[in-house]
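Written out below as structure tokens is the structure these notes cover.
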């Protein structure tokens with residue numbers, strides 16, 4: 001499952017300063033991620049009574065509704081709550097993703113739900129109408145299952161229609177980094193360069209800044225000092241994120257140039273005594289350097305299937321089980337290849353982006369997209385691994 005969706009709960013908890021729900025009189029405001037008030041949103045205050053081990057009952061204290069300005073005001077009987085019991089606030093509205101929390105906030109954020117049909121609809125719009133709806137989509141809540149296409153994959157399929165609007169939105173203070181992440185997934189070098197010109201400085205805590213990883217895994221053809229500096233910072237673990245750190249090391253490995261090797265050596269020296277080194281990332285850097293020194297053949301190929309196999313063998317995680325059929329954009333000049341790896345009970349499905357350049361499929365990025373814990377370890381099957 002994509003990391004940005006695994007972190008939705010953390011995002012919501014950080015929206016506003018939390019307060020314990022303890023007073024009988026309560027007030028709050030319901031807004032969307034763009035800061036606009038949401039009317040007719042329900043805020044239910046309750047607690048859960050444990051009758052027995054298998055019997056937990058909900059006890060409602062108040063059912064409140066936001067007004068036209070998103071304001072919620074109400075009261076509840078605090079004397080009816082046993083000492084030591086947690087009070088829950090559940091926020092919801094039809095068409096939005098709801099949630100519950102024991103922390104009361106001055107503002108609660110609800111995200112509008114979107115699905116694949118919405119993406120197709122927005123792709124058919126033009127001009128300001130498309131930019132406005134795409135902004136809503138990027139600020140919203142797009143959920144998908146392990147076998148469903150992600151938002152990135154759906155946008156990729158319509159990349160010709162979406163790229164102009166995404167390039168406009170990289171300047172947007174609310175969804176600019178989301179737009180940049182989508183452009184990084186599509187993988188056009190000029191788009192990534194444009195985004196980096198407008199991107200805010202990354203924070204130390206990258207829990208809500210997936211875009212840093214997305215860009216780090218898409219800079220396979222850095223041509224400016226800003227791009228090289230960005231990769232250096234990520235590889236040196238400046239942002240204290242294992243995911244971003246590993247993504248940058250992988251990118252420097254795949255670039256396989258004298259300069260990328262130098263940055264890997266620098267990263268190895270800086271991370272010798274860090275937590276990353278203790279977790280085996282020092283070995284990862286060493287393996288990346290060895291790959292470059294081995295003089296391995298280019299990863300591009302005239303056949304997309306062969307190009308995908310080359311990438312899978314290069315980024316191998318545990319046991320490679322093969323690649324899924326390519327997903328193409330509408331013009332069939334860009335493609336996505338999903339690799340399937342199993343390591344113990346973990347299923348990894350990284351996606352590689354390719355562009356057809358002068359008759360060959362050239363790699364533009366590889367990033368972790370979906371991951372799942374299998375019910376049991378699969379039986380040994382070396383069929384895919386024999387394709388070397």
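Order of 320, 88 from fewest to most other C-beta atoms within 10 Å?
Listed from fewest to most nearby Cβ atoms, that is 88, 320.
Quick one: Debye curve from the alpha-carbon atoms of the chain only, equal weights, vacuum; give me log10 I(q)/I(0) at q = 0.08, 0.13, 0.15 Å⁻¹ to two decimals.
-0.50, -1.12, -1.33
Please give the peptides 179-186, 159-166 ranked by average Cβ packing (other Cβ atoms within 10 Å per residue), highest first, as a rough proxy for protection.
Listed from highest to lowest mean packing, they are 179-186, 159-166.
With the convex hull built on the Cα atoms of segment 299-388, state its orientation-averaged projected area in nm².
Result: 5.8 nm².
Which percentage, to the nearest 5, of the DSSP beta bridges contained in the chain is antiparallel?
Beta bridges within the chain, antiparallel portion: roughly 90 percent.
Rank these for me by crowding, 342, 192, 71, going from fewest to most other beta carbons within 10 Å.
By the 10 Å Cβ count, ascending, the order reads 71, 342, 192.
Between 0 and 90 degrees, rounded to the nearest ten: what's the tilt of helix 281-293 against the longest Cα principal axis of the chain?
30 degrees
Could you tell me the relative contact order of segment 203-268? Use alpha-carbon pairs under 8 Å, at least six residues apart, and round to a whole percent.
35 percent
How many nm is it between the label spots at residue 375 and residue 163, if each spot is 7 Å from the Cα in line with the beta carbon?
4.4 nm
Using alpha-carbon pairs under 8 Å, 6+ residues apart, how would you state the relative contact order of the chain in percent?
11 percent
So what's the angle, to the nearest 10 degrees on a 0 to 90 scale, between helix 242-255 and the longest Cα principal axis of the chain?
Rounded to the nearest ten degrees, it is 20.
Comparing 169, 373, 243, which has the greatest mean-square fluctuation in the GNM of the chain with Cα pairs linked when under 10 Å apart?
Of 169, 373, 243, the Gaussian network model singles out 373 as fluctuating most.
Take the alpha carbon atoms of segment 169-195, find their center, do the same for segment 323-340, and report the distance between the two centers in whole angstrom.
Segment 169-195 and segment 323-340 have Cα centres separated by 21 Å.
I'd like the antiparallel share, as a percent to the nearest 5, of DSSP beta bridges with both residues in segment 46-189.
85 percent
Can you put 252, 134, 220 in order, fewest other beta carbons within 10 Å first?
220, 134, 252
To test your reading of the geometry: what angle, between 0 and 90 degrees and rounded to tens, separates the Cα axis of helix 189-198 from the longest principal axis of the chain?
Approximately 40 degrees, to the nearest 10.
Rule-of-thumb check for segment 36-83: C-alpha Rg over 2.2 N^0.38 Å?
Normalised by 2.2 N^0.38 Å, the Cα Rg of segment 36-83 equals 1.48.
Considering every Cα-Cα pair within segment 114-298, what fraction, in whole percent, is farther apart than 31 Å?
Taking all Cα-Cα pairs of segment 114-298, the fraction more than 31 Å apart is 23 percent.
Taken together, the values in this text are just the output of simple stated rules run on the coordinates, not laboratory data. Please read these numbers as outputs of a predicted model, since none were measured by experiment. Ideal geometry is used to build each Cβ from the backbone, glycine not excepted, and the neighbour counts take in all protein chains shown.
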